[in-house]
Amino acid sequence: MRYLILLTLLLQQNIFSQSNIKTIERNGYSIAYPSSLRLDETGKNNTEFSLYTEKKDANDNFVENLNLMIQDLKNLNIDLNKFVEITENQITNAGKLISSKRVIKENAEYQIMIYQASMRGFDLKFLQYDFVKNDKAYFLTFSAKTEEFDAYLKQMQEIMDSFKIN
């Protein structure tokens, strides 16, 4: 009985309750996300997809988003270590790298980075997961205004943690 109560409480707190989950499965990857986010699959800015939060009010001038980009690495001899090195250099040239750590989980190895940069007049903070598999680099990035980042972090991490490469 105690187990059932605990499970019920966990499901109530989880963004992935059965009634509001959607899944994208294509091009060798899958990801789950709550239906409250708006999906854009137009490919703008070379993204596979983007997920957007809702504006809080009329004064909300930046919509937090999560997107996936895939880069073909065929014949470039770039592994995860080299890809992370290149990415960290790009980040430090454009902003400030806050953290970078390697994660091995469920037969997947990837790098998690948090960084800050100013773009288009906004001070932004990013959470990025980098994967290299099957001669492709997958980088999954959550972007938010620096002051809004923590409010969305848990939800976006849950979505990003659902990302799988086949």
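Results, tabulated for the structure shown:
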quantity	calculated
GluC sites (Glu not before Pro) within segment 60-160: DSSP coil, no more than 13 neighbouring Cβ in 10 Å	E106, E147
Cα gyration tensor shape of segment 42-125, rounded if a/c is under 1.5, else prolate or oblate by comparing a/b with b/c	prolate
Dipole magnitude (debye, nearest 20) for the chain, charges at Cβ of Lys, Arg, Asp, Glu	200
Accessible surface of the chain [probe 1.4 Å, protein heavy atoms]: carbon and sulfur percent	48
Rounded if a/c under 1.5, otherwise prolate or oblate - segment 76-116, Cα gyration tensor axes	oblate
Mean shadow area of the chain, taken as a quarter of the surface of its Cα convex hull (nm²)	11.7
Accessible area per residue, Å², the chain with all protein chains present, probe 1.4 Å	61
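The values are calculated or read from the model by the stated rules, or taken from the named source; none is laboratory data. This structure is a prediction, so every number in the text was calculated from the model and none was measured. Glycine gets a Cβ as well: all are built from the backbone with ideal geometry, and neighbour counts include every protein chain shown. Ligands, DNA and RNA are stripped out before the accessible areas are found, and what is left, the full protein with its side chains, is counted by its heavy atoms. Shrake-Rupley method; radii C 1.70, N 1.55, O 1.52, S 1.80 Å.
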